[in-house]
1. How high is the relative contact order of the chain, in percent, with contacts defined as C-alpha pairs under 8 Å that are six or more residues apart?
2. Give me the percent of the accessible area of the stretch 58-99 that comes from carbon and sulfur atoms, probe 1.4 Å, all protein chains in place.
3. Post the alpha-carbon centroid distance, the stretch 25-64 to the stretch 126-151, in whole angstrom.
4. Only helical DSSP H runs with n ≥ 4 go in: add -39500 (n - 2.57) per run for the chain, normalise by residue count and round the 222 nm mean residue ellipticity to 500 deg cm²/dmol.
5. Using a 1.4 Å probe, what is the accessible area per residue for the chain, in Å²?
6. Under the Kirkwood approximation applied to all pairs of distinct alpha-carbon atoms, what is the hydrodynamic radius of the stretch 77-117 in Å?
7. Which residue, Asp30, Asp57, Asp40, has the most motion in a Gaussian network model of the chain that connects Cα atoms within less than 10 Å?
8. Would you mind checking the pairs Lys42/Lys105; Lys14/Lys127; Lys26/Lys126; Lys103/Lys139 and listing those with alpha carbons more than 26 angstrom apart?
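The values are calculated or read from the model by the stated rules, or taken from the named source; none is laboratory data. Predicted model only: the values in this text are computed from it and were never measured. Positions of Cβ are backbone-derived with ideal geometry, glycine not excepted, and every protein chain shown enters the neighbour counts. Ligands, DNA and RNA are excluded from the accessible area calculation, which covers all protein heavy atoms including side chains. Shrake-Rupley method; radii C 1.70, N 1.55, O 1.52, S 1.80 Å.
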Amino acid sequence: DFLRKIKDMGYKIKLDTNGSFPERLKDLIDSGLIDYVAMDIKITPEKYSELVNYSVDIDKLEESIKLISGLENYEFRTTVIEGIHTQEEIRSMFNWLLSICPKPKKFVFQGFKNYGKFVDKSVKLKKDTSDCYLKSLRKSMKNSFDEVEIRV
């Protein structure tokens with residue numbers, strides 16, 4: 001109801017999601033309430049639950065990826081942490097995405113910034129991701145998507 005009121009006011013709606021609830025996502029898409037979707041892709045399926053520190057249903061993530069990749073306006077994105085997101089890990093993650101949606105439109109790399117509170121205290125020991133590292137990832141992955149962007 002809230003989203004409908006916003007749409008009726010003439011605003012466009014962007015949804016940020018981790019992809020855990022594809023049925024809700026489908027309902028919003030089917031109702032025409034969403035204009036843009038951004039989905040976080042944290043890491044490869046094998047390491048997902050370990051990274052986020054809770055059990056993740058990979059099938060639901062894949063269902064969300066399929067739904068989103070059928071839209072006109074969307075992006076997938078990863079917050080990159082050096083030491084965790086190696087070139088090989090990113091390549092594996094991209095291969096996983098490409099196996100679900102053969103020609104995705106947009107992927108965004110975001111650099112990790114070490115500020116705020118973290119559930120996992122060991123994250124506090126990580127350093128900010130360098131622009132140079134993000135640029136190297138972008139360069140090595142740019143042919144996999146129509147657009148690969150770095151967001152600061």
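1. It comes to 21 percent, rounded to a whole number.
2. The nonpolar share, carbon plus sulfur, comes to 43 percent.
3. Cα centres, the stretch 25-64 to the stretch 126-151: 21 Å.
4. Rounded to the nearest 500, it is -11000 deg cm²/dmol.
5. Heavy-atom accessible area per residue stands at 60 Å².
6. One decimal place: 11.5 Å for the Kirkwood radius.
7. Highest fluctuation of the listed residues: Asp30.
8. Cα-Cα > 26 Å for Lys14/Lys127; Lys26/Lys126; rest within.
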